[in-house]
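Note sheet for the following structure.
The values are calculated or read from the model by the stated rules, or taken from the named source; none is laboratory data. Worth saying up front: this structure is predicted, and the values here are computed from it rather than measured. As a convention, Cβ positions derive from the backbone with ideal geometry for all residues, glycine included, and neighbour counts pool all protein chains shown. These area figures cover heavy atoms from the full protein model, side chains too; ligands, DNA and RNA do not enter into them. Shrake-Rupley method; radii C 1.70, N 1.55, O 1.52, S 1.80 Å.
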Amino acid sequence: MASFYECADPSRIGYRLMDHWLDRANHLRATLALLLGVPATEIEFLSGTTEALNTVSQSLTWHPGDEVAFAEDDFASITQAWQSAVRAGAALRPFHVADEAERTEALIAALTPRTRVLTASHVHSVRGTRIDLDRIGRACRANGTLFVVDGIHALGATPADLGQVDVYVSGTFKWLLSGFGVGIAVLRPTARAQMHPGVRGYRNRLADQSYEYAHLNYSSLYALECAIEIMGGTIGWDLVHARTAHLVQCLADEMEAIGLPLVAPPGARAGVATMRVGNADALKQALDRRGIHVAAKGEYLRASPFFYNSREDISRFSQAMKELT
């Protein structure tokens, strides 16, 4: 597919291709709808996960006594995006998750009659635990609570069943192998019924219920479309997801053998494979010198095998970990 810049050279055509850009965005919406199992009309494009979470906060009508509940160890955007709710009289209610094996249960247990929003990461950014969207979503529905999910550490690497999710948001620069500046926001009817755009612009004037208030990052949308065509079409999402899960299991088995079990429990793992190692920074630097690239998160070391990695990559990582720890 031709790139955005090949199709829209500003020196020759520029703004006259606006209808073409919008058509490409709508085509991408339809492609993403197949991946996410939702109607294309429920998908909005924003600048990233954090803007999408803030958009939800700014677009709900809050009342004194409303609460937003989240795990205190969740990603900063999850915990910080709700300041407009606080200004309207709502309260933030962080809670502790004592055991990764109980993360789903802890989220459900956090629900109270005042919980207007329960928000969580589909896959925890540090520990790598994947929560049960269906179970939590059903509990939220029964409680009259909106279930808002940050999917950036899941989408692309693991399936996402949004049947019981009210809002699902994700950037595209991680598992979707695209650039910065584009975020996907899936706003289900249960959420839209309670929302009104909190930010307005020339693309969503007062009569318009779209949350896309200005021009989209069309060049990054082109990149995302290319990535989706390769992973979802040429390769196939089933293979991408299955191979990623297989590589994570291989890594888990080898780490278990050297006494470094994954933090995320069996049955709740995705593409983020994390071990508790103590001085993760020093270990990361030692691995960098061997051409093995991971992330250090305090006492945790985070590896992220994806479908394009090989079994040999896992063995090389495991051998290096055995020698360095």
Which value, in Å², gives the accessible area per residue of region 241-325 when a 1.4 Å probe is used on the protein heavy atoms? 48 Å²
Solvent-accessible area per residue for region 36-118 (1.4 angstrom probe, square angstrom): 41 Å²
With a 1.4 Å probe and all protein chains kept in place, how much accessible area does Lys322 have, in Å² rounded to the nearest 10? 130 Å²
Two-site label geometry, Ala193 and Ala30: point separation in nm, points 7 Å out along Cα→Cβ: 2.9 nm
Is region 75-173 best put as rounded, prolate or oblate by its Cα gyration tensor, with a ≥ b ≥ c the root eigenvalues, rounded for a/c under 1.5, and otherwise prolate when a/b is larger than b/c, oblate when not? rounded
Accessible carbon and sulfur surface of the chain relative to its total accessible area, %, 1.4 Å: 54 percent
For Lys284, counting only aspartates and glutamates whose alpha-carbon sits under 14 Å away and dropping same-chain residues fewer than eight positions off, the answer is Glu299, Glu323
Taking 0.36 nm per residue of separation and subtracting the Cα-Cα distance, what length does fully extending Arg205 through Glu105 add? 31.8 nm
Rounded to the nearest 10 Å², the accessible area of Glu229 using a 1.4 Å probe with every protein chain kept is 80 Å²
If you put +1 on each Lys and Arg Cβ and -1 on each Asp and Glu Cβ, how big is the dipole of the chain around its Cα centre, in Debye rounded to 20? 400 debye
Starting at the first residue of region 135-142, write each ³J(HN,Hα) from the Karplus equation 6.51 cos²θ - 1.76 cosθ + 1.60 with θ = phi - 60°, in whole Hz, x for Gly and Pro. 5, 5, x, 5, 5, 5, 4, 5
Are there chymotrypsin sites (Phe, Trp or Tyr not before Pro) in region 145-232 that DSSP puts in a loop and that have at most 13 other Cβ atoms within 10 Å, and which ones? Phe180, Tyr202
Name the aspartates and glutamates eligible as straight-distance cross-link partners of Lys174: C-alpha to C-alpha under 17 Å, and not fewer than 8 places from it in the same chain. Glu51, Asp150, Glu225, Glu229
Given the DSSP H assignment, sum -39500 (n - 2.57) over each helix run of at least 4 residues in the chain and divide by its residue total; what's the result at 222 nm in deg cm²/dmol, nearest 500? -11000 deg cm²/dmol
Starting from the 7 Å offset along Cα-to-Cβ, what nm value, one decimal, do you get for the label separation of Glu323 and Ala88? 5.7 nm
What is the spin-label model distance, in nm, from Thr234 to His215 if the labels are put 7 Å beyond Cα along the C-beta direction? 2.9 nm
I'm spelling it out carefully: the read-out is percent of Cα pairs over 38 Å apart, the candidates are (i) 53; (ii) 18; (iii) 13, and one was derived from this structure. Which label? (ii)
Once ligands and nucleic acids are excluded and a 1.4 Å probe is used, how much of Leu34 is accessible, expressed in Å² to the nearest 10? 150 Å²
Expected output is a single nm value to one decimal: the length gained when fully extending between Asp288 and Ala142, i.e. 0.36 nm times separation in residues minus the C-alpha distance. What is it? 47.8 nm
Residue separation times 0.36 nm, minus the C-alpha to C-alpha distance between Asp134 and Ser310: what's the value? 60.2 nm
